[in-house]
Amino acid sequence: MGITYGSALNIEQLLALQKPFSADPVHDELQYVIIHQCSELWFKLLLHEVDEVVKLLGAGDCRQAARLLRRCVQIVGVIDQGFSLMETMPAYEYARFRPNLMGGSGFQSAQFREVELALGYQRELPLEQPAFTEAERARLGARRRGPSLWDAFVGAMRQCGYAMPDRAPGGGADDGGVAGAGPGAAARPDLLALRTMYQSGAHPDLRDVSEELVALDNAMLMWRTHHAAMAERAIGSKVGTGGQGVAYLYRSARGRCYPELFEVRTLL
Ligand code: HEM
């Protein structure tokens, strides 16, 4: 027989990967493993799409970039749905196998950190995890060198003739404030460039890209918020298996990848 469904998609290998981590696994453990593994697969696809969008923006193809960004928004929505499934596991069931996780936590997901770097999320990222492998560290190093999705968007703005400046290094995205443009915003070169791009309507495909970045940022914020609420329901104020906890998740959830795109709204 030639190629089959199972051989083309490596189904046998895939289905062998859901190993329980408890010696005496409880019922809800399989769901816990599968949701995490699925999330990692979706992170992989998200990175694949973001990399392509960066290339498309570099080549000036904003129309295709906007199309793939719409896909990215949907992918984050699908990952978010994993939390709704997780919420069918009551706290007292989770408590039965949580101790067997030891120090294992999504906090150690190298791919999630890659996603943050690839999107251009600026914050003090806990990048130095002892749990990371050498290969993971190498991938994170490459991501740090960029270009990020934000860098590519700035490049596309310039290609279209808008004088978009570089971001100030270390401009924190998780300051917890609403991204309202403060006093002096009308004189900020980045916001002026964005306002002109939005109001002139001269580059509708670029404007679509910008709106998809806004949608992606909102989808990430919803994911982070849902994660925090789900985790609070599952563990209350216990210390997280990664050493942080729910308060850390709520703090992270206030951050924006693209605060400028929200600030400019005040000027429109
Ligand atoms: C019962 C289910 C879950 C609970 C109670 C939970 C709880 C937590 C907590 C408390 C943290 C903060 C670090 C720590 O102290 O460990 C965290 C981080 C994280 N978790 Fe979860 N989580 C759950 C499921 C998931 C799932 C399904 C994913 C999907 C991949 C995930 C991904 C992450 C990521 C990426 C971080 C790092 C977030 C950041 O640094 O901003 N978690 N989780």
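Values in this text are rule-based calculations from the coordinates and carry no lab data. Computed from a predicted structure; not experimentally measured. Neighbour counts run over all protein chains shown; Cβ positions are idealised from the backbone, glycine included.
The table that follows gives values for the structure above.
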| quantity | calculated |
| --- | --- |
| Inter-centroid distance (Cα atoms) of the stretch 98-157 relative to the stretch 14-35, Å | 26 |
| Cα gyration tensor shape for the stretch 82-155, rounded if a/c is under 1.5, else prolate or oblate | oblate |
| Sum of -39500 (n - 2.57) over DSSP H runs of 4+, divided by residues of the chain (222 nm, nearest 500) | -19000 deg cm²/dmol |
| DSSP-loop chymotrypsin sites (Phe, Trp or Tyr not before Pro) across the stretch 11-47, with at most 16 other Cβ within 10 angstrom | 21 |
| Cα centre as origin, Lys/Arg/Asp/Glu Cβ charges: the stretch 111-153 dipole, Debye | 80 |
| For q = 0.07, 0.11, 0.17 Å⁻¹, Debye-computed log10 I/I(0) when each Cα of the chain counts as one equal scatterer | -0.29, -0.69, -1.39 |
| Difference of contour (0.36 nm per residue) and Cα-Cα distance, residue 52 to residue 268 | 74.7 nm |
| Value in Å of the Kirkwood radius, where the stretch 131-263 supplies the Cα pairs that are averaged | 17.1 |
| Proximal charge balance of residue 53 [Cβ under 10 Å; K/R count +1, D/E count -1] | -2 |
| Contact order relative to length of the chain, as percent, for alpha carbon pairs under 8 angstrom and 6 or more apart | 25 |
| Average projected area [Cα convex hull, the stretch 1-82], square nanometres | 8.0 |
